[in-house]
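*Asks:* Submitted below is the structure of interest, expressed as structure tokens.
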Amino acid sequence: SDIPAVGIDTKPTKIEELRDKGLNVQLGDARSVLAQTEDESLACITAHHFIEHLPFEEVLWIIRESMRVLAPGGVLLVETPNIQNVVVGATSFYNDPSRLHPMTDPVLNALFETVGFHPIETRQLHPHEKLGEFMAKPGFDPELANLMFGAQDLAILGHKPLRES
């Protein structure tokens with residue numbers, strides 16, 4: 001596609017791997033890049049499996065700064081592990097020792113709303129491959145199946161409101 005985009009990562013090996021695929025990627029960190037970005041200059045910011053590695057205060061700063069640099073109508077998309085999935089919350093989340101703490105949809109929704117994003121959408125993503133198998137079992141509680149094998153990831157999309165005319 002012809003949509004200009006740039007990726008940011010702190011890992012030189014990841015940068016090299018992505019550049020080999022022809023992607024525009026720069027070495028950097030979210031705080032530095034956002035701090036240097038002009039007001040209302042971006043249409044979209046995405047952060048995939050990133051915020052759970054940061055202290056809460058840093059997550060709040062990034063969400064606030066994203067509001068500043070997004071143009072009216074712009075979108076901030078944050079994806080993080082969904083700990084409401086019991087398997088994720090009890091085991092796989094903690095398999096990565098660099099994760100500091102989980103971020104739940106009520107917390108993220110409150111942060112986005114407090115900063116001024118509206119509307120805010122929550123999406124449950126990537127159910128476990130066994131979900132269909134358990135949903136098809138006669139007598140197996142669908143709520144329990146979803147708690148165990150439902151969405152493994154959570155996405156929050158915050159829209160920066162358009163200006164009043």
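The values are calculated or read from the model by the stated rules, or taken from the named source; none is laboratory data. In this text, all values refer to a predicted model and were calculated from it rather than measured experimentally. With ideal geometry, Cβ positions are generated from the backbone for all residues, glycine too; neighbour counts draw on all protein chains shown. Calculation scope for accessible area: heavy atoms of the full protein, side chains included, ligands and nucleic acids excluded. Shrake-Rupley method; radii C 1.70, N 1.55, O 1.52, S 1.80 Å.
*Asks:* With every protein chain left in place, what is the accessible area per residue of the chain in square angstrom, probe 1.4 Å? Show your work: numbers first, answer last.
*Replies:* On the way: 10050 Å² over 165 residues.
On a per-residue basis, 61 Å².
*Asks:* Okay, moving on. Can you tally the net charge around ASN82? Count Lys and Arg as +1, Asp and Glu as -1, for every other residue whose Cβ sits under 12 Å from the Cβ of ASN82. Before the final figure, lay out each step's value.
*Replies:* On the way: positive: ARG123; negative: GLU52, GLU79, ASP105, ASP153.
Residues near ASN82 contribute -3 overall.
*Asks:* Please give me, ordered by residue number, the trypsin sites (Lys or Arg not before Pro) of the range 1-58 that lie in loop per DSSP and have at most 14 other Cβ atoms within 10 Å.
*Replies:* Here the trypsin sites (Lys or Arg not before Pro) that fit, given the DSSP loop and packing criteria, are LYS21.
*Asks:* What percent do you get for the relative contact order of the range 117-160 when only Cα pairs under 8 Å and 6+ apart count? Intermediate results must be reported in sequence, preceding the final value.
*Replies:* Numbers: 58 pairs, mean separation 27.7, N = 44.
Dividing the mean separation by the residue count of the range 117-160 yields 63 percent.
*Asks:* Shifting gears a bit: So for the pair LEU18, LYS130, with labels modelled 7 Å out along Cα→Cβ, what separation do we get in nm?
*Replies:* Placing both labels 7 Å beyond Cα along the Cβ direction yields 3.3 nm.
*Asks:* Using label points projected 7 Å from each Cα along Cα→Cβ, tell me how many nm separate LYS11 and PHE56, to one decimal.
*Replies:* It works out to 2.8 nm between the two label points.
*Asks:* I've got another one for you. In the chain, what percentage of the DSSP-assigned beta bridges are antiparallel, given to the nearest 5? Intermediate results must be reported in sequence, preceding the final value.
*Replies:* Values: 14 of 23 bridges.
Rounded to the nearest five, the antiparallel share is 60 percent.
*Asks:* Apply the Karplus parameterisation 6.51 cos²θ - 1.76 cosθ + 1.60, with θ equal to phi minus 60°, to every residue of the range 154-160 and state each ³J(HN,Hα) to the nearest whole Hz, in sequence, with x for glycine and proline.
*Replies:* With the stated coefficients, the range 154-160 comes to 10, 10, 10, 10, x, 9, 6 Hz.
*Asks:* What FRET efficiency comes out for MET148 versus LEU27 if R0 is 25 angstrom and r is the Cβ-Cβ distance? Round to the nearest 0.05. Can you show the working numbers first?
*Replies:* Details: r = 39 Å, r/R0 = 1.57.
Taking R0 as 25 Å, the efficiency between MET148 and LEU27 is 0.05.
*Asks:* Another question, then. Counting other C-beta atoms within 10 Å, and keeping those with at most 13, which DSSP coil GluC sites (Glu not before Pro) do you find in the range 112-165?
*Replies:* Working: sites: GLU113, GLU121, GLU129, GLU133, GLU143, GLU164; in loops: GLU129, GLU164.
Answer by residue number: GLU129, GLU164.
*Asks:* Quick one: ranking ARG163, ARG68 by accessible area, 1.4 Å probe, largest first, what do you get?
*Replies:* On the way: ARG163 155, ARG68 70 Å².
Greatest to least solvent exposure: ARG163, ARG68.
*Asks:* Give the carbon-plus-sulfur fraction of the accessible surface of the range 34-94 in %, rounded to a whole number; probe 1.4 Å, heavy atoms of protein chains only. Kindly include the intermediate steps, with their values, before the conclusion.
*Replies:* Details: 1670 of 2830 Å².
Answer for the range 34-94: carbon and sulfur cover 59 percent of the accessible area.
*Asks:* Rounded to the nearest 500, what is the chain's calculated 222 nm mean residue ellipticity when only DSSP H runs of at least 4 contribute -39500 (n - 2.57) each, over all residues?
*Replies:* About -9500 deg cm²/dmol.
*Asks:* How high is the relative contact order of the range 26-149? Use alpha-carbon pairs under 8 Å, at least six apart in sequence, and give a whole percent.
*Replies:* On the way: 128 pairs, mean separation 30.8, N = 124.
That works out to 25 percent.
*Asks:* For LYS11, which lysines qualify as cross-link partners when the Cα separation must be under 26 Å and same-chain residues fewer than eight apart are set aside?
*Replies:* List returned: LYS21.
*Asks:* Mind grabbing the accessible area of VAL86 for me, 1.4 Å probe, Å², rounded to tens?
*Replies:* 70 Å²
*Asks:* Now a separate question. Output needed: percent of Cα pairs per 10 Å distance bin for the chain, bins running from 0 to the one holding the longest distance.
*Replies:* 10, 32, 33, 19, 6, 1
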